[in-house]
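Please read the structure below before turning to the comments.
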Amino acid sequence: MTRKPPEPIEVVKSRREAALARLVAGVPYIGFLGAGFDRRGDELTAVLPFHPSLIGNPAIPALHGGATAAFLEVAAIIELAWSSLWQDMEEGRIDPAAETFPALPKTITFTVDYLRSGLPRDAYARAMVTRRGRRFATVQVEAWQDNRAKPFAQATAHFLMPEP
């Protein structure tokens, strides 16, 4: 029995980057926010670079609650879609360059806890899928700025999974 030789790392990285770019392009609001994603293997960290238009209360100044909630929601959507695609993509069942690409999950409920004011600086978020079934998924997400141990917001989201 002969084993197929592993693909060159450049090919694997480019396939992963292309898949992530397709997912992010599927949510136009990510571009509007100016958010991006830092990928390390199968782990994603959402990054929201600071911009003055994100300030909701200039007297404090603090990040707008709507921008914070939107940032948390897109981090949860992309993490859920990414974790769903990962195995199929790694086994070659999904081609990131193909015309058709799996649909994104739809938000059912989204609950945000604002723990403290978001300061006028870059924000980061990481989501964790706590339950994924055929039709329904639950995701926890938290956002921090300077210190990951001190999140300024967290959320719980429930999603309707797309048809396979």
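The values are calculated or read from the model by the stated rules, or taken from the named source; none is laboratory data. Because the structure is a prediction, the values reported are computed rather than measured. Glycine also receives a Cβ, built like all others from the backbone with ideal geometry; neighbour counts cover every protein chain displayed.
Summary of values
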{"read-out": "Filter result (more than 14 Å from Leu72 (Cα to Cα) and of a type in the set (Phe, Trp, Tyr)) within the range 130-160", "value": "Phe136"}
{"read-out": "Candidates Pro49, Pro61, filtered to the one that is surrounded by 12 or more Cβ atoms within 10 Å (Cβ to Cβ), modelled with pLDDT under 95 and more than 22 Å from Asp88 (Cα to Cα)", "value": "Pro61"}
{"read-out": "Verdict on Glu79 being closer than 28 Å to Ala18 by Cβ, crowded, with 17+ Cβ neighbours inside 10 Å, touching a residue at least 24 places away in the same chain (Cβ under 8 Å) and charged (D, E, K, R)", "value": "yes"}
{"read-out": "Members of the range 121-137 found to be farther than 16 Å from Pro162 by Cβ and of a type in the set (Val, Ile, Thr), listed by number", "value": "Thr130"}
{"read-out": "Which listed residue is more than 26 Å from Glu17 (Cα to Cα), of a type outside the set (A, V, I, L, M, F, W, C) and touching a residue at least 60 places away in the same chain (Cβ under 8 Å), from Pro58, Pro52", "value": "Pro52"}
{"read-out": "Strands (runs of 3 or more DSSP E) wholly inside the range 105-164 containing at least 1 residues that are modelled with pLDDT under 95", "value": "123-132"}
{"read-out": "Pick from the range 96-124, criterion surrounded by 14 or more Cβ atoms within 10 Å (Cβ to Cβ) and under 24 Å from Val12 (Cβ atoms), ranking: nearest to the chain's Cα centre (by Cα)", "value": "Leu104"}
{"read-out": "Condition met for Thr100 (modelled with pLDDT under 90 and closer than 22 Å to Gly31 by Cα)", "value": "yes"}
